[in-house]
Amino acid sequence: MCASVSDPLLDARINILGTLNILEGARRAGTSKVVFSSSGGTIYGAVDADDLPVSESHPQVPLSPYGVSKKSAVDYLHAYRELHDIEYTALALANVYGPRQDPHGEAGVVAIFAGRLLSGERCRIFGDGEQTRDYVFVDDVVDAFVRATERGSGLTCNIGTGVETSVNQLYRTMADNEGVTEDPEYAPARPGELERSSLDATRARIHLGWEPFTDLPAGTASVLDWFRSKTD
């Protein structure tokens, strides 16, 4: 079960009250702008296939407490912009992955797969593995954050590749890289998990001058290389 579904009060304390603490600190310090990390995979909720990749104009109907908290945070950002002249840019991130990601706890699936593949453990997939995500490499995301410090004020911008990749496809890409032919094991789907997700980053291209530059095979290979270096 997703952490925000099992403990929505904890999620709200971290994401909603945490955002307010940051905004209050910014107000008191005279900060001119906040760049916020939102979640493109959850704020839009269940999106019809015809609307994928989803743009920022799509209604936000999150289906998990985590998504609700991220949606609420942008409302607070807008309020502080109006009340206290603190600018903001909210980056609605796709599924970010990259080296140094912890494979334990609430880590992303790329790090989990990397850790298990390199340790010889069988990978586990929840559901049938056909659920899709938009995987964006951490270096590309860092580039977006740097650009957002000076651009895109007052906007929410999707940061993703626009490409849907199923968990099965992700597993096969990484397993093939390691020469693993074993199939993953499958477990029951987790409540609150979206079936499909991908983000239209046209607004980021226009207002931030941003585009993704790392494809999935290259990005996941770098993750595997990093995990391998930690075990050598």
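The values are calculated or read from the model by the stated rules, or taken from the named source; none is laboratory data. Worth saying up front: this structure is predicted, and the values here are computed from it rather than measured. For neighbour counting, all protein chains shown are included, and Cβ atoms are generated from backbone atoms with ideal geometry for every residue, glycine included. Note: accessible area is taken over every heavy atom of the protein model, side chains too, but ligands, DNA and RNA are not part of it. Shrake-Rupley method; radii C 1.70, N 1.55, O 1.52, S 1.80 Å.
When Gly45, Gly41 are checked against the criterion of being at positive phi, at pLDDT below 95, surrounded by 13 or more Cβ atoms within 10 Å (Cβ to Cβ) and not aromatic (Phe, Trp, Tyr), Gly45 stands alone in meeting it.
Checked against (1) open to solvent by 20 Å² or more (accessible area, probe 1.4 Å); (2) within 15 Å of the chain's Cα centre (by Cα); (3) free of Cβ contacts under 8 Å to residues at least 60 places away in the same chain, Val167 passes all but condition (1). Of the residues Ile125, Ile159, the single one that is closer than 30 Å to Thr202 by Cβ, among the aliphatic types (A, V, I, L, M) and in contact with a helix residue (DSSP H, G or I) (Cβ under 7 Å, 6 or more places away or on another chain) is Ile159. Do we find that Leu63 is in contact with a helix residue (DSSP H, G or I) (Cβ under 6 Å, 6 or more places away or on another chain) and open to solvent by 40 Å² or more (accessible area, probe 1.4 Å) in this structure? The answer is no for Leu63. Report the residue count in the stretch 173-208 for those that are open to solvent by 50 Å² or more (accessible area, probe 1.4 Å), out of contact with any Gly (no Cβ under 9 Å at 6 or more places or on another chain), touching a residue at least 24 places away in the same chain (Cβ under 8 Å) and assigned to a helix (DSSP H, G or I). Here the count works out to 2.
Scanning the stretch 70-85 for residues that are surrounded by fewer than 18 Cβ atoms within 10 Å (Cβ to Cβ) and small (Gly, Ala, Ser) returns Ser72, Ala79. A search for C-beta distances below 9 Å between a residue of the stretch 46-73 that is closer than 17 Å to Ser6 by Cα and polar (S, T, N, Q) and any residue that is outside any helix (DSSP H, G or I) and open to solvent by 70 Å² or more (accessible area, probe 1.4 Å), counting only pairs 6+ apart in sequence or on different chains, returns nothing. Contact map, the stretch 19-41: residues that are without any contact (Cβ under 8 Å) to a residue 60 or more places away in the chain paired with residues that are part of a helix (DSSP H, G or I) and hydroxyl-bearing (Ser, Thr, Tyr), Cβ distance under 6 Å, separation 6+ or inter-chain. Pairs shown: Thr19/Tyr76. Of all residues in the stretch 26-38, those that are open to solvent by less than 50 Å² (accessible area, probe 1.4 Å) and of a type outside the set (Gly, Ala, Ser) total 4.
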